[in-house]
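Engineer: One structure, pasted below without further comment.
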Amino acid sequence: MIRDININTANKSLLCATAVDYLNIMSAAGFINVIQGATRVTNTLALQIDHCFIRSNNINQFSAKIL
C-alpha cells in the first residue's frame, strides 16, 4: 500500500496526535512502513510525508528507496 497523505512521520519524538493515530492504525492492521527517510527536503525542513506500507511475513524480501 503506497500512501501520499501528507502526514509527517519523520520526527518520532514530536509526532502530532494524528500521526501517532495513523501509525498505530497501520501497525494494528499488520502493515510496516518501509520508507525510513525524509521524502520532502527543503533548506529548512526534512519531512517524511510519503509512505509505503507492506504486510508480509518476510520483510527481508522488500526494500524501498527514496529518489
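The values are calculated or read from the model by the stated rules, or taken from the named source; none is laboratory data. Small disclaimer: the values here were computed from a predicted structure and weren't measured. Positions of Cβ are backbone-derived with ideal geometry, glycine not excepted, and every protein chain shown enters the neighbour counts.
Engineer: I need a count of the residues in region 15-47 that are in a loop (DSSP other than H, G, I, E, B), more than 11 Å from the chain's Cα centre (by Cα) and within 24 Å of L67 (Cβ to Cβ).
Structural biologist: The qualifying residues number 4.
Engineer: So if I check each of L15, L23, L67, which one is exposed (fewer than 13 other Cβ atoms within 10 Å of the Cβ) and among the aliphatic types (A, V, I, L, M)?
Structural biologist: Step by step, each of L15, L23, L67 is checked, and only L67 is exposed (fewer than 13 other Cβ atoms within 10 Å of the Cβ) and among the aliphatic types (A, V, I, L, M).
Residues checked against (1) more than 13 Å from the chain's Cα centre (by Cα); (2) outside any loop (DSSP other than H, G, I, E, B); (3) modelled with pLDDT of 90 or more:
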residue	(1), (2), (3)
N8	no, no, no
S13	yes, yes, no
I49	no, no, no
N57	yes, no, no
